1. Here is a check on your reading of the model: is residue 201 in contact with a helix residue (DSSP H, G or I) (Cβ under 7 Å, 6 or more places away or on another chain) and buried (at least 18 other Cβ atoms within 10 Å of the Cβ)?
2. For the range 176-258, give me every one of the helices (runs of 4 or more DSSP H) that falls completely inside it and has 3 or more residues that are more than 19 Å from residue 97 (Cα to Cα).
3. Counting only residues that are buried (at least 24 other Cβ atoms within 10 Å of the Cβ) and out of contact with any helix residue (DSSP H, G or I) (no Cβ under 7 Å at 6 or more places or on another chain), which one in the range 80-93 is farthest from residue 216 (Cα to Cα)?
4. Could you check the range 141-154 and list, in sequence order, the residues that are within 13 Å of residue 108 (Cβ to Cβ) and either without any contact (Cβ under 8 Å) to a residue 60 or more places away in the chain or part of a helix (DSSP H, G or I) (or both)?
5. For residue 256, which of the numbered conditions (1) buried (at least 17 other Cβ atoms within 10 Å of the Cβ); (2) modelled with pLDDT under 95; (3) closer than 27 Å to residue 10 by Cα; (4) touching a helix residue (DSSP H, G or I) at 6+ places or on another chain (Cβ under 9 Å) fails to hold?
6. Give the range 94-103 a look and list any residue that's in a loop (DSSP other than H, G, I, E, B) and in contact with a helix residue (DSSP H, G or I) (Cβ under 9 Å, 6 or more places away or on another chain), or say none.
7. Against the condition more than 17 Å from residue 239 (Cα to Cα), surrounded by 19 or more Cβ atoms within 10 Å (Cβ to Cβ), at pLDDT 95 or above and in contact with a strand residue (DSSP E or B) (Cβ under 9 Å, 6 or more places away or on another chain), how does residue 101 come out, does it pass?
């Protein structure tokens, strides 16, 4: 089946260690912000575009990812729904390898371009940042497979360094898990009225929660071991998502423009 912009239904934005896309059909997508590599395939009778955040000649660090290009590419491919995968550190003692379906977020980033609207003013509504229909489908998929999971609030930091103990003590007052890639991706999706939800995998305990040194190697190792589980969760989620959007995501920009 020839996969075109018109028949891509769901996009998956993948993080560190996300390499399930490697055997998919590669498609270069032109955007106003640069070219994006998307990888197309069919899963559960739906056409999916996988977009790896960190792919490039060298690994792209979190603060250098072109989030606007990636999210714009989702729309250009014709997809209206986005499932994000993120690796996170836990501030609540979640077991390493368990999953968190994100419910809300706090933004601690500093230097990232966080809007498509540099000239016009758009105050997009993020009272429900993660699509309830995709969230419900993710939870059903996790329950079907008997995989440990919870819901939680995500704090996004600038990176690329890990957070300090003092920062984690502060952030833990408000959030459950911490990562570096979920923002501004989630708000950019809102600005395009896309449905967006995130599946976070716990790769470590946040700084100061244990006496162990934090390393990037352990993040890659945990995600690598969980590839089959992640693919299974995504496949079941894709199957469960309703054909028609009935959530409020498609109205995110209504009344937002000045």
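1. yes
2. Where helices (runs of 4 or more DSSP H) fall fully within the range 176-258 and carry at least 3 residues being more than 19 Å from residue 97 (Cα to Cα), they are 185-191, 227-240.
3. Applying the filter and picking the extreme gives 86.
4. Residue satisfying the conditions is 153 alone.
5. Condition not satisfied by residue 256: (1).
6. 96, 97
7. Taking the combined requirement at face value, the residue satisfies it.
The values are calculated or read from the model by the stated rules, or taken from the named source; none is laboratory data. Here the structure is a predicted model, which means the values were calculated and not measured. Positions of Cβ are backbone-derived with ideal geometry, glycine not excepted, and every protein chain shown enters the neighbour counts.
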